[in-house]
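This report concerns only the one structure given below.
The values are calculated or read from the model by the stated rules, or taken from the named source; none is laboratory data. Worth saying up front: this structure is predicted, and the values here are computed from it rather than measured. As a convention, Cβ positions derive from the backbone with ideal geometry for all residues, glycine included, and neighbour counts pool all protein chains shown. Note: areas computed on protein heavy atoms with side chains; ligands, DNA, RNA excluded. Shrake-Rupley method; radii C 1.70, N 1.55, O 1.52, S 1.80 Å.
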Amino acid sequence: MGLIKVAMFSGVSILGIYSYRSVNRVNMVVQKIKVQNYTLLGKHKPQDGTKEYKDAYSIDLPRRFKLVQGTGSAQEISASDLARAFFTCKLFNRFEKPILTKLVGYKHSALQDVVLLNYKAFRFKEGDQILVWTVKENHLNEVLLYWEYGGLKGTTWFCVPLDNTIQFGSSFPRPSPDSETPSVQDFITSKPKQLFIDASSNLPDSNNIPLKSKIRNFALKVLYRLSVPVHEMYSKFLLESTLERLLEMKNQDAQDDRAYKNG
């Protein structure tokens, strides 16, 4: 939820999480990748025609996971495993989840979500809900979730490709580059009534766009430009934290499997 992360970044920075050393580390292990058109994220298009910003990131898995890929082993990683690790990782639960809870006025029991996420039979099927997310598609090695809040909407994407990596991406609305913003003339015009002509007017003259709309467009553009760099860095830290949680889950699965066999 990129536009909300500006506020989150301030709190994280104060706590020193984004230190120079940690930023260098995460930039080395997490790579920004191109959003491919054939992926669920690449193919997603809002029904209202809104233009979106999309990005994706990749991090390598330990070599042992490549050896079990496609074998049906308990150590094999699925897109549902990746999504589960994301929603239960330390960084998400320390920062994003509490902020979402306050902003959205989340009424659903957080404890119930924890139970669902820890229930291995929960496979992120289409229509399943977690916090403010709804599963839009679950196809082979990908899961795409949809979120909406306060008129903003976007997606969160998880993928386990065949190259022994895990991938995480997202999308959210971006302002139209053609949207009108205030100019000096808007504030010194001798005909203020022109500033409040109905916004649905088809006339191309920018003076026919209400000043309030222009100011809103300007604010959205500024917020967008501020939020993208924050979103990108936060996404890298999120994927790193997700990998740590994923390894914990798989280590626990291995222990449970050994205990069952020794039963």
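Just to be sure I understand the model, the point goes 7 Å from the Cα along the line to the Cβ. What's the resulting Val29 to Gln75 distance in nm?
Taking the simple label geometry, Val29 and Gln75 are separated by 1.9 nm.
Just how far, in whole angstrom, is region 13-78 from region 221-263 if you go by their alpha carbon centroids?
A separation of 10 Å, based on Cα centres.
Could you run the Karplus curve 6.51 cos²θ - 1.76 cosθ + 1.60 with θ = phi - 60° over region 38-54 and give me ³J(HN,Hα) per residue in whole Hz, x for Gly and Pro?
7, 7, 4, 5, x, 7, 5, 9, x, 5, 8, x, 4, 6, 10, 8, 10
Using modelled backbone amide H atoms (1.01 Å from N, in-plane), which distant-in-sequence or interchain residues come within less than 5 Å of Tyr53's amide H?
For Tyr53, the qualifying residues are Phe172, Arg174.
For region 82-91, in order, what is each residue's ³J(HN,Hα) by Karplus, 6.51 cos²θ - 1.76 cosθ + 1.60 with θ = phi - 60°, in whole Hz (x at glycine and Pro)?
5, 5, 4, 5, 4, 6, 10, 6, 5, 5
For Thr101, Thr71, what's the largest-to-smallest order of accessible area, 1.4 Å probe? Write out the running numbers ahead of the final one.
Working: Thr101 55, Thr71 85 Å².
Heavy-atom accessible area, descending, gives Thr71, Thr101.
Taking θ as phi - 60°, what are the ³J(HN,Hα) couplings along region 160-166 by the Karplus curve (6.51, -1.76, 1.60), each to the nearest whole Hz, with x for Gly and Pro?
Rounded to whole hertz, the list is 10, x, 8, 9, 6, 10, 10.
Taking amide H atoms as placed 1.01 Å from N in the peptide plane, list the residues 5 or more away in sequence, or in a different chain, whose amide H sits under 5 Å from that of Thr165.
Leu61
Around Lys90, under 13 Å between beta carbons, what's the net of Lys plus Arg minus Asp minus Glu among the other residues?
Details: positive: Arg94, Lys97, Arg245; negative: Glu96, Glu240, Glu244, Glu248.
Around Lys90, the charge tally is -1.
Exceeding 32 Å between C-alpha atoms, which entries from my cross-link table qualify? They are Lys102/Lys136; Lys97/Lys136; Lys45/Lys250; Lys66/Lys236; Lys97/Lys261. Walk me through the numbers before you get to the answer.
Details: Lys102/Lys136 24 Å; Lys97/Lys136 20 Å; Lys45/Lys250 34 Å; Lys66/Lys236 22 Å; Lys97/Lys261 37 Å.
Pairs exceeding 32 Å: Lys45/Lys250; Lys97/Lys261.
Quickly rank 159-172, 40-53, 138-151 as a protection proxy: mean count of other C-beta atoms within 10 Å, highest first. Provide the component values of the computation, followed by the final result.
Working: 159-172: 20.4, 40-53: 13.9, 138-151: 17.1.
Result, highest mean Cβ count within 10 Å first: 159-172, 138-151, 40-53.
Determine the per residue accessible area of region 20-97 with all protein chains present and a 1.4 angstrom probe, expressed in square angstrom. Don't skip to the end; give the middle numbers.
Values: 4430 Å² over 78 residues.
Accessible area per residue, region 20-97: 57 Å².
Which far-off residues, 5 or more places away or on another chain, put their amide H under 5 Å from the one on Ile33, with H placed in the peptide plane?
Under 5 Å from the amide H of Ile33 lie the amide H atoms of Ala56, Tyr57, Ser58, each far enough along the sequence or on another chain.
Once neighbouring chains are kept in place and the probe is 1.4 Å, which whole percent of the accessible area of region 51-91 is contributed by carbon and sulfur?
Values: 890 of 1750 Å².
Whole-percent figure for carbon plus sulfur exposure: 51.
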